[in-house]
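The values are calculated or read from the model by the stated rules, or taken from the named source; none is laboratory data. Keep in mind the model is a prediction, meaning the values are calculated, not measured. Using ideal geometry, Cβ is built from the backbone for each residue, glycine included, and neighbour counts are taken over all protein chains shown.
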Amino acid sequence: MKEHYYLDNAATTWPKPETVYTTMDSFFREYGVNPGRAGHDMAVEAERMIVETRRLLAVFFGFTGDPQRVVFTQNATDSLNIAIYGLAAGGGHLISTRLEHNSVLRPLNHLERDHGAAVTRVARDAFGYIDPDDVRKAIRPDTRAVIINHASNVLGSVQDIAAIGKITREAGVPFVIDTCQSAGVLPIDMDAIGIDILTFTGHKGLFGPMGIGGMIVREGVDLPPARVGGTGVDSISPFQPDEYPYHLEAGTVSIPGIAGLNAAQKWFAELGREQLGDVANGADHAQACAAALSHIDARERAHVTTLENAFRDTPGVTVYGPGNNGPRVATLSMNVDALPADQVGAMLDADHHVCVRPGLHCAPLVHEDEGTVAQKGTVRFAPGYFSNEEDLQQAIDGIRDIVG
Ligand SMILES: Cc1ncc(COP(=O)(O)O)c(C=O)c1O
């Protein structure tokens, strides 16, 4: 028996590609200093790596604007707070959905309760999909932003962001997207879709460590800084520079975190080139990563289909979410009879060494709609790229054992 059968990749991916560990270690040892364009050699190397990572991420997310608009933050929560509070400064109306994570719900709730903002939370259908037309209908003259979770971290349903982006573009309303559960699995073309602010976290599908996240802010989108302070540039100015990324990046960034993201980006490209085989020659970062994502997505979806088929065949198990009724990621929520979700999670852990996540997954409205609050949420299985048949079988056997 393995020590851990890890199926909690929606919380954080584990393990990371080996190069992420080794690059973080060596970069932190050799160049783990505060960056600076005009500093000593080590500072210049740290700066070079950071600039390169902004460029790689811009390409990865289909952003053809200035890579300096790729801003590093602590995580997606940080990015979403900066985006939401920034766009709603002074009130107005915001549109989001009932599928959101608390990193979106709570800023909206606070704005509504404490700052007089109006919020529309668009409902979803039984499979977990938002009708883009409902977003269109919710837009008002004072709408400041539409904020959408690309892939649900409870149900795995993937929203039609291309259709929503078309609507927001036509209406001239900033479109903010939370890519926590889709980045590193699904292709996201920021320019083609018309995303104005793309937020990401480093430690999930992007295979970086915790403590690093970011946002890409399209030119022309006006966001006030959430924090002000040292930038290492324009220090004589009494105020935060307007120039990106310094406008939104104050203080020392996580060099090891960015080095991890950098290594992961190169790992995606390498994986993609392996998939492309003979035609890989000449493939740029975008093409190589696109090949990697389609390979990762296919593998993860095969995993989730194995789990879902087994669970649907098991009496007493309820499976939530889209099934085969639309686009999805490899996140699967289920419950066993009327057992509280945390009890099932604890049994899987203690008796079978299977690591899953029971609970509300920081998305309480999904559970209100699903009727799973009383059962303390759902048991969430999230196989990842590095999961294998053995992990899946252990989980299936564990659930069958619990069902009895
Ligand atoms: C959909 C979604 N949004 C936002 C977050 C917040 O990510 P982080 O905790 O890295 O800020 C998560 C993490 O679970 C998530 O799944």
>> Among the residues in segment 126-136, are any at negative phi, buried (at least 22 other Cβ atoms within 10 Å of the Cβ), in contact (Cβ under 8 Å) with a residue 12 or more places away in the chain and within 16 Å of the ligand (Cβ to nearest atom)?
In response: yes
>> Quick test for you: out of Leu57, Leu99, pick the one residue that is among the aliphatic types (A, V, I, L, M), within 16 Å of the ligand (Cβ to nearest atom) and assigned to a loop (DSSP other than H, G, I, E, B).
In response: Leu99
>> I'd like the residue in segment 174-186 that is out of contact with any Phe, Trp or Tyr (no Cβ under 9 Å at 6 or more places or on another chain) and in contact (Cβ under 8 Å) with a residue 60 or more places away in the chain and, out of all such residues, is farthest from the ligand (Cβ to nearest atom).
In response: Pro174
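Would you pick out the residues in segment 156-186 that are under 15 Å from Val104 (Cβ atoms) and either outside the structural domain of Glu100 (by TED's automatic domain parsing) or outside any helix (DSSP H, G or I) (or both)?
Correct list: Gln159, Pro174, Phe175, Val176, Ile177, Asp178, Thr179, Cys180, Gln181, Ser182.
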> Across segment 355-404, what is the number of residues that are closer than 25 Å to Ala264 by Cα, within 14 Å of the ligand (Cβ to nearest atom) and surrounded by fewer than 19 Cβ atoms within 10 Å (Cβ to Cβ)?
Replying inline: 0
> What residue, of Pro238, Pro224, is closer than 17 Å to Asp78 by Cα and more than 16 Å from the ligand (Cβ to nearest atom)?
Replying inline: Pro224
>> Going by what's in this entry, would Phe200 be described as of a type in the set (Phe, Trp, Tyr) and in contact (Cβ under 8 Å) with a residue 60 or more places away in the chain?
In response: yes
> Name the residues in segment 26-54 that are among the small types (Gly, Ala, Ser), part of a helix (DSSP H, G or I) and without any contact (Cβ under 8 Å) to a residue 40 or more places away in the chain, would you?
Replying inline: Ser26, Ala43
>> Let me confirm something: among Ile193, Ile258, Ile197, which residue is crowded, with 17+ Cβ neighbours inside 10 Å, away from the ligand (no atom under 16 Å from the Cβ) and modelled with pLDDT of 95 or more?
In response: Ile193
>> Contact list please: Cβ distance under 6 Å, first residue in segment 63-82 and over 16 Å from Ala286 (Cα atoms) and touching a residue at least 40 places away in the same chain (Cβ under 8 Å), second residue within 12 Å of the ligand (Cβ to nearest atom) and hydrophobic (A, V, I, L, M, F, W, C), pairs at least six apart or on different chains.
In response: Val71/Met215; Ala76/Cys180; Ser79/Met215; Leu80/Val104
